[in-house]
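As structure tokens, the structure follows; a few thoughts come after it.
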Amino acid sequence: MMKLYSGSIDPFSHRCRIVLFEKGMDFEVVDVDLANKPEDLAILSPHNSVPVLVERDLVLTDANIINEYIDERFPHPQLMPADPVMRARARLFLSDFEKQLFVHIPALESTDESAKEIARKHVRDNLLLIVPIFSKQQHLLSDEFSMLDVAIAPLLWRLGHYGIELPNQAAPLLKYAEKLFSRPLYADAMTPSEKAMRK
């Protein structure tokens, strides 16, 4: 059985939980207290960080690598496109998300107010760049739910938690976010701490 070491408020772990629940497979989530990490995590993960996926002799770190492995190992429903061109496009998008959006998560979660404010502006500006996509299609890559939607959902869920306010022109993005949050398994993939981020 797959075992996921997951942080209860970690957006990267949240991504992996979404994929596991979407696949509807048998797995165990080990909830890791990031302030008091278990000893076996340090052995499994060279950076002593989450998420970590363990299956038999395989140990994977990095949310995107974990999610692609799960998607290839359990292909239904398929979250990465079957077509090589679309798959490459999806990987490029995922790479851009890391560099333009998720790179700011440590600052957003820090206690440094000036760093937080800079990070909020970067995230807000980069989110506004993707708003036009929703005038053409229902999801980020196409009309179908894909790994890109999985990747961005934890950030969209945390906008209020991170103090990021979007202007009126972001309405299509927020409407899209609500559609992601209303997916049947979305709530199941969250921890109680994550659910409490949005009342």
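Details
- Candidates 34, 20: the one that is within 25 Å of residue 97 (Cβ to Cβ), hydrophobic (A, V, I, L, M, F, W, C) and in contact with a Phe, Trp or Tyr (Cβ under 8 Å, 6 or more places away or on another chain) is 20.
- Qualifying residue in region 117-138 (condition: hydroxyl-bearing (Ser, Thr, Tyr) and part of a loop (DSSP other than H, G, I, E, B)): no
- From the list 114, 110, the one residue that fits, being assigned to a loop (DSSP other than H, G, I, E, B), free of Cβ contacts under 8 Å to residues at least 24 places away in the same chain, among the small types (Gly, Ala, Ser) and surrounded by fewer than 18 Cβ atoms within 10 Å (Cβ to Cβ), is 110.
- Among the residues listed as 40, 31, 112, 26, the single one being among the charged types (D, E, K, R) and within 22 Å of residue 153 (Cα to Cα): 31
- Look at region 175-199: where a residue is within 12 Å of residue 9 (Cα to Cα) and of a type in the set (Val, Ile, Thr), no partner that is surrounded by 13 or more Cβ atoms within 10 Å (Cβ to Cβ) and at pLDDT 95 or above sits 6+ places away or on another chain with Cβ atoms under 6 Å.
- Residues being open to solvent by 30 Å² or more (accessible area, probe 1.4 Å), within 17 Å of residue 192 (Cα to Cα) and either among the basic types (Lys, Arg) or part of a strand (DSSP E or B) (or both) - total across region 5-40: 4
The values are calculated or read from the model by the stated rules, or taken from the named source; none is laboratory data. As the structure is a computational prediction, the values presented were derived from the model and not from experiment. Because the Cβ atoms are built from the backbone with ideal geometry, glycine has one as well, and the counts that use them run over all protein chains shown. The area values use the complete protein model at the heavy-atom level, side chains included, leaving out ligands, DNA and RNA. Shrake-Rupley method; radii C 1.70, N 1.55, O 1.52, S 1.80 Å.
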